[in-house]
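Below is one structure, written out as C-alpha cells; comments come after it.
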Ligand SMILES: Cc1cc2nc3c(=O)[nH]c(=O)nc-3n(C[C@H](O)[C@H](O)[C@H](O)COP(=O)(O)O)c2cc1C
Ligand code: SF4
Ligand code: SF4
Ligand code: FES
C-alpha cells in the first residue's frame, strides 16, 4: 500500500460544502497533479469539523495545520508553500483571537479543548466514502467482538451497565429498550434508526451520518444481534442529500465486504439494512409516526401502549434509536463500560453533541461531556455572543424544550438538570439569545413551528396550539390583558395533558418556560404596551434624538413611506402614523440619532 | 471478509496511514529539504525512498515531511531526523542508497550513521 507523506483533509460537511469546499477539493487535485505530488500527498474529503462558521476548513497533516475560511484562490499557495516547500501558510491559519494573532495547536484551541469527541470521533478524520479508512479507525471491530465473543444477553447487559441513554430526546436507557425487545418472542423483529432530525437548527445527526456512516451501520447490526433482528431501516429526511448518498455508499461497501448480509464474520448471524426517506415532517420523528411512515402509511402517531418493543414496525417487536445513540455503541463495546461510565454525571453518562446556533460567535457542532456547564459551552467553546452583547438565555430541546436564563448559566447540563429547570435535553439544538431577543417573540417563533407541523390528528394539538399562537400574537401586538396571560398558562397545561403524542404534549414548553423566567417581559407587553427588547413591531416606534440629529436628511431620503421630514441642518422628525417600522432609517443614520422605543 | 482476524489485519494495515492525522508530539520526524536547490539536487527521490522504507517496514511512528531551504545549498539534498529526546541529526548529500542505511541503523536501531552527517562530510 502506498504511504503518503502528507494528508490534506477537506471538510465535506454540509456547512463547508455550501461555502464551496468541493471547488477547493477539485483545485487541490488539479494542482497536486500538476506538481507531480499526487502520490505523496493524499487529499481526503471528511465530515464536519464543527467550526462551520469558519468554513471551508482544510487541515494538513502531519503538521496539523488548521486552515479556515479557505478560498479557491488560496489553494495554490497551500500547494506551493506548504506541500511543496514545507512552509505553513500563516495567514490562513485559524486564530481564535483576532487581536493576539496567536496560533495554537488544535487541541489547545478553546473551541476544542473542552470538547470530548465520542460520537463525532471520526468526523473530520476519515473519508466517509471509503470503508477502508473507517476500518483503519476500528470500524466493525466491535461487531466482530460481539458476534464472536459475546452472547446477545451479554451485549444487552453491557449497554445497560454503561448507562447510555437515548440521545434523540427523552433520554430513555438504551439497554432497557433493547432488553424489552429481546424479551418479546417473535420470528421477525426490526432495528430502526431515527435520522429524521426535525428540530429547527439541529444538525448533529446529519453530521454523524455525513462524517462517519459506518458507525451507525455497525451499531445497528450489534443491536440486531442483541435483540434477535436481521433487518434494519434507517429513516432519514430526503432534505439531507449528502448524508443519504454517503449512507448508501457505506451500506453498499459494507455489503461488498461481507459486513452486512448473510453469515457475518463466518457466524450464522445475518443482517440487512435499508434506507427509507422521509419527507421532512417534524411529527415523523415521533416513534409511532415514523414507523407508520416506513410502512408506507401517513406519518401520524398512534397511541401507546403497545410500545414498539412489543408491537412496532409491521406489528413486530422493534427498537428505534437515534443516530447519535448508535454512534456511541461501538466505542462502548471497544473501550469498555468502565471507561464510558467514567465520563459524565451520576445519571447521565458519556457526552452530548450540541448544534450551537443563534447569537453565538462559533456557530457549529460541539461535543462535550455531560455535566459541562452552559457557561463553558456558551462563553468558552462558543466564544460568547457576537458584538459584545449580553447573553440572555439559551433554548435547548427546540420546539419541545425550554429556555435557560442567564441566571442559571452555571447549570451543569445533563438530562435531569435540564428537566428540573423546565427545559429538556432534546436532540441537541442549542440556540443562544442575547439582549436584543424578545422572549415572547421567541415563544411565538416555536409555536409557529408547531402549528405548522401539527399533524392534525388530535384536537388539543391541532386547535390548541393555534389558539396559543393567537394569544401570543395578541400579546405581541399590545392588545392583551392580564387575564389573557392567565388563560395562556391554563391552556398550556390543558394541551400538555391531553395531546396524543409528544409533539402536542411538549408544544407549550417554550411558552411555559419563558413565562417562568421572563414573566416581566410578558407583563411589559401587556400592561405597559412596550417590548423591552424592541423586537415586537406593533409596540415599538422609531424616534429621532434631536440632540444627536445633524439634519443631514439622509434618513428622509431613504424612508420608503416619506415619514421623515425636516429642514437641512436642524433636527428631523418621524411621523409615527406614517412610519412602516421598516428600520431603514436607523441603519442609514451615520450619527446613531435614530432609536426604537 | 470472512473472519474477524481478516478485518484486524486490514485495520492494522490502514491505521498506519490514518495515524498521520493524529496530533502528536512523540514519534520520529524525517524532514527533507525541498526548496528549489534541494529538488534540483535530487531531494525528491530521497523523499520517495524514505516513504517506501517507512511503508515497507510498517514504521507507524515515523512521519516524513518536507521543509524549505535549510541554508547549505551546496550540501543538498539534506535530511534532518528528529527523535524524541534526542538532538537533531542532519544528513547531507543524500541519495537513495544512504536512505536504506539510515532507516535501518538510525531510525530502527537508534544509532546515527556518523559518516553521512553534516559534521563528517564538511571536514
Ligand atoms: C414530535 C417528536 C419529534 C421527534 N423527533 C425526533 C428526531 O428528529 N430524532 C430523534 O432521534 N428522535 C425524535 N423524537 C424522539 C423519538 O420519538 C424517539 O424517542 C427516539 O428516536 C428514540 O431514540 P433514543 O432512545 O435513541 O433517543 C421525536 C419525538 C417527538 C414526540
Ligand atoms: S399531538 Fe399533534 S402531532 Fe401529535 S397526534 Fe396530536 S395533532 Fe398530531
Ligand atoms: S422605520 Fe422605515 S418607515 Fe419608519 S421612519 Fe424609518 S425609514 Fe421611514
Ligand atoms: S461543515 Fe465544515 S466544519 Fe462543519
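Readers should treat all values here as calculations from the given coordinates under stated rules, not as data from a laboratory. Predicted model, so just to flag it, every value in this text is computed and none were measured. With ideal geometry, Cβ positions are generated from the backbone for all residues, glycine too; neighbour counts draw on all protein chains shown.
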Original post:
Shape of the stretch A:131-340 from its Cα gyration tensor (a ≥ b ≥ c, root eigenvalues): rounded if a/c is under 1.5, otherwise prolate when a/b > b/c, or oblate?
Top reply: rounded
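With only alpha-carbon atoms in the gyration tensor, what are the semi-axes of the equivalent ellipsoid for the stretch A:108-157, in Å, largest first?
Taking √(5λ) for each eigenvalue gives 28, 17, 7 Å, largest first.
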Subject >> Degrees separating the helix A:241-256 axis from the principal Cα axis of chain A, which is the longest one >> reply: 10 degrees
Original post:
Could you give the angle, 0 to 90 degrees to the nearest 10, between helix A:152-162's Cα long axis and the longest principal axis of the Cα atoms of chain A?
Top reply: 40 degrees
Subject >> Euclidean distance between Cα centres, the stretch A:337-397 to the stretch A:222-274, Å >> reply: 32 Å
Original post:
Can you work out the FRET efficiency for the pair residue B:52 and residue B:105, with r the C-beta to C-beta distance and R0 = 22 Å, to the nearest 0.05?
Top reply: 0.85
**OP:** Could you list A:82, A:543, A:525 in order of exposure, starting from the residue whose Cβ has the fewest other Cβ atoms within 10 Å?
**Re:** A:543, A:82, A:525
Original post:
So how compact is the stretch B:24-122: Cα radius of gyration and Dmax in angstrom?
Top reply: 12.3, 34
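With the Cα gyration tensor of the stretch A:289-372 giving a ≥ b ≥ c as the square roots of its eigenvalues, does the rule (a/c under 1.5 for rounded; else a/b larger than b/c for prolate; else oblate) give rounded, prolate or oblate? Intermediate results must be reported in sequence, preceding the final value.
On the way: a/c = 2.77, a/b = 1.52, b/c = 1.82.
It comes out oblate by the Cα gyration axes.
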Subject >> Among B:15, B:60, B:48, residue whose mean-square fluctuation peaks in a GNM of chain B (springs only between Cα atoms under 10 Å) >> reply: B:15
Original post:
Using 7 Å Cα-to-Cβ label points, what is the residue A:256/residue A:188 separation (nm, one decimal)?
Top reply: 3.1 nm
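Could you put A:363, A:396, B:117 in order, starting from the residue whose Cβ has the fewest other Cβ atoms within 10 Å? Don't skip to the answer; put the middle values down first.
Values: A:363 21, A:396 26, B:117 17.
Taking fewest neighbouring Cβ atoms as first place, the list is B:117, A:363, A:396.
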Original post:
Who wins for biggest fluctuation among B:30, B:18, B:99 in a Gaussian network model of chain B, springs between alpha carbons below 10 Å?
Top reply: B:18
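Which percent of the Cα-Cα distances in the stretch A:6-106 go past 20 Å?
Working: 1548 of 5050 pairs.
Result for the distance tail: 31 percent.
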Original post:
Is the stretch A:167-286 rounded, prolate or oblate when judged by the Cα gyration tensor, a ≥ b ≥ c being the square roots of its eigenvalues, rounded requiring a/c under 1.5 and prolate requiring a/b larger than b/c?
Top reply: oblate
**OP:** Would you mind getting me the FRET efficiency between residue A:80 and residue B:113? Use the beta-carbon distance for r and R0 = 45 Å, nearest 0.05.
**Re:** 0.85
Original post:
Of A:74, A:138, how do they rank once you tally other Cβ atoms within 10 Å and put the fewest first?
Top reply: A:74, A:138
Subject >> Rule-of-thumb Rg ratio for the stretch A:541-596 [Cα; 2.2 N^0.38 Å; N residues] >> reply: 0.94
Original post:
How large is the helix-only mean residue ellipticity at 222 nm for the protein assembly as shown, computed as the sum of -39500 (n - 2.57) over DSSP H runs with n ≥ 4, divided by its residue count, in deg cm²/dmol to the nearest 500?
Top reply: -10000 deg cm²/dmol
**OP:** Treat each spin label as a single point 7 Å out from the Cα along the C-beta direction, and report the residue A:148 to residue A:380 distance in nm.
**Re:** 4.1 nm
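Please report the projected area of the stretch A:351-434's Cα convex hull averaged over all directions, in nm². Intermediate results must be reported in sequence, preceding the final value.
Values: hull surface 17.7 nm².
That works out to 4.4 nm², a quarter of the Cα hull's surface.
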**OP:** Can you tell me the 0 to 90 degree angle between the C-alpha axis of helix A:213-227 and the longest principal axis of chain A, rounded to 10?
**Re:** 60 degrees
Original post:
In whole Å, what are the Cα extents of the stretch A:439-542 along the three principal axes, biggest one first?
Top reply: 43, 22, 20
**OP:** Under 19 Å from a label point 7 Å along Cα→Cβ of residue A:493: give me every residue in the stretch A:440-464 with its amide N that close.
**Re:** A:460-461, A:464
Subject >> Debye equation applied to the C-alpha atoms of the protein assembly as shown, log10 I(q)/I(0) at 0.10 Å⁻¹ >> reply: -1.04
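Between residue A:339 and residue A:73, what is 0.36 nm times their sequence separation minus the Cα-Cα distance? Round to one decimal in nm. Don't jump to the answer; show the numbers that get you there.
Values: separation 266, 0.36 × 266 = 95.76 nm, distance 4.52 nm.
My answer for the length gained is 91.2 nm.
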Original post:
For residue A:23 and residue A:462 in one chain, what is 0.36 nm times their gap in residues minus the Cα-Cα distance, to one decimal in nm?
Top reply: 153.5 nm
**OP:** Report Rg (one decimal) and Dmax (nearest whole number) for the stretch A:303-455, counting Cα atoms only, units Å.
**Re:** 17.6, 55
Subject >> Approximate spin-label separation residue A:547-residue A:561, in nm, with each point projected 7 Å along Cα-to-Cβ >> reply: 2.7 nm
**OP:** Could you tell me what percent of the DSSP beta bridges with both partners in the stretch A:6-106 are antiparallel, to the nearest 5?
**Re:** 55 percent
